[in-house]
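**Q** Before I ask anything, let me first share the structure, which is written out below as structure tokens.
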Amino acid sequence: MTLHFDTLFINANLATMNPQIVAPYGTITDAALGVKDGRIAWLGRRADIPNYEAGKIYDCENAWLTPGLVDCHTHLVFGGNRASEFELRLQGASYAKIAKSGGGIVSTVNATRKTSKDDLYRQAELRVCAMGKKGVTTIEIKSGYGLDIETEIKMLEVAQMLAAKNNMRIQKTFLGAHALPLEYKDRPDAYIDLVCHEILPEIARRKLADAVDGFCENIAFSVAQIRRVFEAAKKHGLAIKLHAEQLSNQGGAKLAAEFGALSADHLEYIDEAGVMAMAKAGTIAVLLPGAFYYLKETQKPPIDLFEKHGVPMALATDFNPGSSPISSPRLIMNMACTLFGLTPEQALTAITLNGARALGLDGETGSLAAGKSADIAIWKIQHPAELCYWVGDDDCHARVYQGKFMKNMDSKDG
Ligand code: DI6
Ligand code: FE
């Protein structure tokens, strides 16, 4: 039998992140990987390759191939920026205090409402391109800086346009319950009505979202209010995610688990009962050390409890203009190790396989395995731990998305 490949990568080291391969990182050294019709058709030791014909052969010169990185939690479509709030926070104002005095998320809502769709697109496209250079092949983008029907739709349409044009898989999440817009001041339940009865159904009708998210926090929405949003999401067949226990323990993670959420995110203040509920429901813990660092938080998420109860951990940038203006997944991996105590192998698993699980995409991407989409990042390193070790110089050498090869133009090597 002869295998036919469009492209065969040779002289590669594979960090497959496939849990069925027992070596650390699911490593296969002296490997080859064949791609056909955008999917991984074969991978293994080069010596074991069967008869094949290949349209192209790419010599990796001993580079490491990892799954394309999955950034499973971002807010990267937004207008304006919040550098002035950064200055205020450096002078001692807290994130919660700024939010309560009308700044924070609501100030980005004002800017996003005012920004045209084309301008939002242009700004977001630069961010997506920068992430592509850093080895990302899948990005989740949330709405939530509109908080009215027009702007929520505008944001999700921008996310959709980004997907079509940028060789990037984009998952869209509707985050209507992110903050209370000024026009609903002191009427949170009326705003939740608007989300559940008008905005969410219209977004579902237009197929603009894969999932629904909310911000369950004392500066945002209560468990009872988020419950109503989740009920509406269920009714429209949308997956569920939640910003939970970021600044206090509200019991959001338990609620998310009750609704079979794909993920609960942040989780600094989660307790053991919340972790156990997530374990039972198969809900992924998405850790966001960028926001923890940027807000100078001190309470860390309970990594030991996630490990004890077998809750898989994912990692993401949380790229947003307020609490995490950070577009580097590798900086986030470093922070996960230095601040939260993950091992480099856990960090890479978290931003590949478990990131895909947090989006319900692990059948499609997140590890190097035959049958999955050929989403690959190619790195000129000697060992995968270097992905967490170096800080600052974090571009990949080349990237493959659905079998399409893209070399980083400013890559220093050959
Ligand atoms: N938590 C976050 O980390 C982002 N949203 C949220 O609910 C921050 C959003 C922002 O500050 O603009
Ligand atoms: Fe967030």
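**Q** List, please: which pairs have Cβ atoms under 7 Å, are six or more places apart or on different chains, and start with a residue in the range 401-414 that is more than 13 Å from G135 (Cα to Cα) and modelled with pLDDT of 95 or more and end with one that is part of a loop (DSSP other than H, G, I, E, B) and aliphatic (A, V, I, L, M)?
**A** Q402/A374; G403/A374
**Q** Could I ask something else about it? Which ranges mark the helices (runs of 4 or more DSSP H) fully within the range 293-352 that have 1 or more residues being in contact with a strand residue (DSSP E or B) (Cβ under 7 Å, 6 or more places away or on another chain), within 14 Å of ligand 2 (Cβ to nearest atom) and closer than 30 Å to Q123 by Cα?
**A** Helices (runs of 4 or more DSSP H) meeting the threshold: 329-338.
**Q** Test M131 against the stated conditions and say whether it is out of contact with any Gly (no Cβ under 7 Å at 6 or more places or on another chain) and part of a helix (DSSP H, G or I).
**A** yes
**Q** Do we have T317 as within 16 Å of ligand 1 (Cβ to nearest atom), of a type in the set (S, T, Y), crowded, with 24+ Cβ neighbours inside 10 Å and in contact (Cβ under 8 Å) with a residue 40 or more places away in the chain here?
**A** yes
**Q** Of these, A177, A111, A99, which one is surrounded by 15 or more Cβ atoms within 10 Å (Cβ to Cβ), over 28 Å from K235 (Cβ atoms) and in contact with a helix residue (DSSP H, G or I) (Cβ under 7 Å, 6 or more places away or on another chain)?
**A** Answer to the selection: A99.
Each row is one residue, and each column tells you yes or no for (1) polar (S, T, N, Q); (2) in contact with a Leu (Cβ under 8 Å, 6 or more places away or on another chain); (3) crowded, with 22+ Cβ neighbours inside 10 Å.
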position	(1), (2), (3)
A163	no, no, no
K172	no, yes, yes
E198	no, no, no
D210	no, yes, no
C216	no, yes, yes
A220	no, yes, yes
I226	no, yes, yes
A233	no, yes, yes
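**Q** I've got another one for you. Among the residues in the range 142-149, are any closer than 25 Å to I240 by Cβ, of a type in the set (D, E, K, R) and away from ligand 1 (no atom under 15 Å from the Cβ)?
**A** Scanning the range 142-149 turns up at least one residue that is closer than 25 Å to I240 by Cβ, of a type in the set (D, E, K, R) and away from ligand 1 (no atom under 15 Å from the Cβ).
**Q** Please go through the range 153-169 and give me each residue that is at pLDDT 95 or above, assigned to a helix (DSSP H, G or I) and either in contact with a strand residue (DSSP E or B) (Cβ under 6 Å, 6 or more places away or on another chain) or within 16 Å of ligand 2 (Cβ to nearest atom) (or both), ordered by number.
**A** Within the range 153-169, M155, L156, A159, L162 meet the criteria.
**Q** What residue, of S107, S84, is in contact with a Gly (Cβ under 9 Å, 6 or more places away or on another chain), free of Cβ contacts under 8 Å to residues at least 12 places away in the same chain and assigned to a helix (DSSP H, G or I)?
**A** The conditions single out S84.
For every residue, the table says whether it meets (1) within 16 Å of ligand 1 (Cβ to nearest atom); (2) among the polar types (S, T, N, Q); (3) in contact with a helix residue (DSSP H, G or I) (Cβ under 7 Å, 6 or more places away or on another chain).
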{"site": "Q20", "(1), (2), (3)": "no, yes, no"}
{"site": "A23", "(1), (2), (3)": "no, no, no"}
{"site": "I28", "(1), (2), (3)": "no, no, no"}
{"site": "G55", "(1), (2), (3)": "no, no, no"}
{"site": "L69", "(1), (2), (3)": "no, no, yes"}
{"site": "H73", "(1), (2), (3)": "yes, no, no"}
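**Q** Yes or no: K172 closer than 28 Å to E202 by Cα, within 16 Å of ligand 2 (Cβ to nearest atom), in contact with a strand residue (DSSP E or B) (Cβ under 8 Å, 6 or more places away or on another chain) and free of Cβ contacts under 8 Å to residues at least 40 places away in the same chain?
**A** When the stated conditions are applied, K172 passes them.
The values are calculated or read from the model by the stated rules, or taken from the named source; none is laboratory data. Note that the structure is a prediction, hence the values are computed from the model and not measured. Every residue, glycine among them, receives a Cβ derived from its backbone with ideal geometry; neighbour counts consider all protein chains shown.
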